[in-house]
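Beneath this line is the structure, given in structure tokens, with notes to follow.
Just so you know, all these numbers are worked out from the coordinates, no wet-lab data involved. All of these numbers come straight from a predicted model, not from anything done at the bench. A quick note on method: Cβ atoms are made from the backbone with ideal geometry, for glycine too, and the neighbour counts reach across all protein chains shown.
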Amino acid sequence: MPRQLLPDTAETDGDGSLLIGGCRVVDLAEEFGTPLLVYDEAHLRARCQEAIAAFDGKVAYASKAFLCRAMAKLAYEEGMSIDVATGGEYGIARAAGVPAASLVFHGNNKSGVELNMALRDGVGRVVVDSFDELDRIEALVADGAPAPRVLIRVNPGIEVHTLDEVATGVPDSKFGFPLAAGDAERALARAGGSGAMELVGTHIHIGSQVFSAANFADALATLGPTVRGWGLDEFVVGGGLGVPYVTGEEAPTITQWAAGIRRACDELGITAAVSAEPGRSIAAAAGITVYRVGTIKEIEGVRTYVAVDGGMSDNPRPVLYGSGYETFLPRSVAAERPRTITLVGKHCESGDKLVVDGAVPDDLMVGDVIATPVTGAYGQSMGSNYNKVLRPPVVFVADGDARLVVRRETLEDLLATDLG
Ligand code: LLP
């Protein structure tokens, strides 16, 4: 398995078996069962530290990528604020002990209830996304809520090279105030003149899994005159840095990404403090998903299906976006992988594929522990209970210790909301 697709502390034991955070992955599968999500805590911390250094301490972790209390706590301990996009993400971050002042509230359709909670708690920033939201904030403040600090999310309306589902800075998008139509200027004027909020900055987010530095530079250039014209203190460039998922892919590091953004801002004469909200680039490569092979079905002249005990409920990205992944055997991580198989889950749906035409060692067999790397972002967070499959547990590994941070779901959990 290429080194860059594995977590930072990945190493090979004497017998060829994979260790992460000093823990043997096959032993973790025995101890916690499968499917299992394993996160390298040192990797998560290192990426947070890299982001903090690259953006002079002004960076929020985009919690939609992967959130549980342990993750929110880790990012906060490392000095990040947390980007939350719903009352649920907000509630988990708060339950982890993150002060409201360190939260940035996002979302294209924040409810009155969500905004009221955030304002009354003293949320750090609200990133305003619509005129209706401006109305709602004004009404809440008139009703006694404290006036929030706000940023206006501007949609630059540019072409972005990524999947349509995750491109947000394009002309046809539900996010932000469109620049071209003059809505962004109108929103800035309204927020700037409102006694119900303090306008502190502008915000853009062009999309996710973006590899092209030129895309970010184009977006910044589009916004340059607006940001300069308003002379506000803060300018948030969102997240979006892509990561390699399969052999041969390359992406800029967080440091390189930040340097490109700084350069573009300097060239545009943007003097505001620049910050960002990375999600995927913090969490994706820190996590691997560990399954057990239950069935191997060789269909002569068609393909070989290798079925595992999870599937589209723990990683919906392949079925949603056609995303590619690698797969390997943790018992022999460096083995040759000459055999081509399709890794599928246990759901009642043909689209339930985790890896199409994946390469595995010749001796793969039923009962093997098999893993998919780079599954730390947008897997657990987008997981479901389809077919009433129970969500897998999450362990954080570090220095030879494995800490269960999310336990496996049980049938009782599923029944807890079912009133019969
Ligand atoms: N900031 C805002 C306002 C966002 O909407 C997002 C992601 C981020 C930051 C973090 O972006 P990142 O650094 O993670 O690319 N489910 C999709 C990705 C959706 C991203 C949504 N917004 C996927 O699995 O590819």
Give, rounded to the nearest 20 debye, the magnitude of the charge dipole that the chain has about its Cα centre when Lys and Arg contribute +1 at Cβ and Asp and Glu contribute -1 at Cβ. 500
Low-density loop cleavage sites - GluC sites (Glu not before Pro) in segment 226-294, where at most 13 other Cβ are within 10 Å (DSSP): E250
Estimated FRET transfer efficiency when R0 is 41 angstrom, pair L411-E165 (beta carbons, to 0.05): 0.80
Per-pair calculated FRET efficiency, R0 = 30 Å: R403 and K297 via Cβ, rounded to 0.05: 0.25
Largest-first semi-axes in Å of the equivalent ellipsoid built from the Cα gyration tensor of the chain are 40, 23, 20
Net charge of Cβ neighbours under 14 Å - reference A335; Lys, Arg +1; Asp, Glu -1: -4
Using C-alpha positions alone, give me the convex hull volume of segment 78-218 per residue in cubic angstrom. 118
Modelled FRET efficiency - R0 25 Å, E250 with A359, Cβ distances, 0.05 increments: 0.85
In degrees, nearest 10, range 0 to 90: what is the angle between the Cα axis of helix 183-192 and the longest Cα principal axis of the chain? 60
L115: net charge of surrounding residues, Cβ under 10 Å, Lys/Arg +1, Asp/Glu -1, itself excluded? +1
Prolate/oblate/rounded label for segment 6-99 (Cα gyration tensor, a/c 1.5): oblate
Rounded to the nearest 500, what is the 222 nm mean residue ellipticity of the chain from helices alone, with -39500 (n - 2.57) per DSSP H run of 4+ residues and division by all residues? -8000 deg cm²/dmol
Using 0.36 nm per residue, how much length does the chain from E349 to T304 gain when fully extended, once their Cα-Cα distance is taken away? 14.5 nm
In the neighbourhood of G224 defined by beta carbon distances under 12 Å, the net charge of the other residues (Lys, Arg +1; Asp, Glu -1) is -2
Positive end of the dipole of segment 41-283, charges at C-beta (+1 Lys, Arg; -1 Asp, Glu), about the Cα centre: which of V274, T202, L119 has its Cα farthest in that direction? L119
How many lysine pairs are close in the chain, with Cα atoms under 21 Å apart and the two 8 or more places apart or on different chains? 9
Where Rh is the Kirkwood radius over Cα pairs, Rg/Rh for segment 41-283: 0.94
By the mean-Cβ-within-10 Å protection proxy, highest first, 271-283, 363-375, 402-414, 110-122 rank as 271-283, 363-375, 110-122, 402-414
Of the GluC sites (Glu not before Pro) in segment 116-174, which ones lie in a loop per DSSP and count no more than 14 other C-beta atoms within 10 Å? E159
With angles folded into 0 to 90 degrees, how steeply does helix 213-230 sit against the dominant principal axis of the chain? Use alpha carbons for both and round to 10. 20
The chain - share of DSSP beta bridges that are antiparallel (%, nearest 5): 50
Given labels modelled 7 Å from the Cα in the Cβ direction, how far is it in nm from S212 to D143? 4.4
Which of A100, V154, V170, positive extreme of dipole for segment 87-185 (C-beta unit charges): A100
Please identify every one of the trypsin sites (Lys or Arg not before Pro) in segment 167-258 that sits in a loop by DSSP and has no more than 10 other beta carbons within 10 Å of its own beta carbon. K174
Report the extension gain between A273 and E185 in nm, rounded to one decimal, defined as 0.36 nm multiplied by the number of residues separating them, less their alpha carbon distance. 29.7 nm
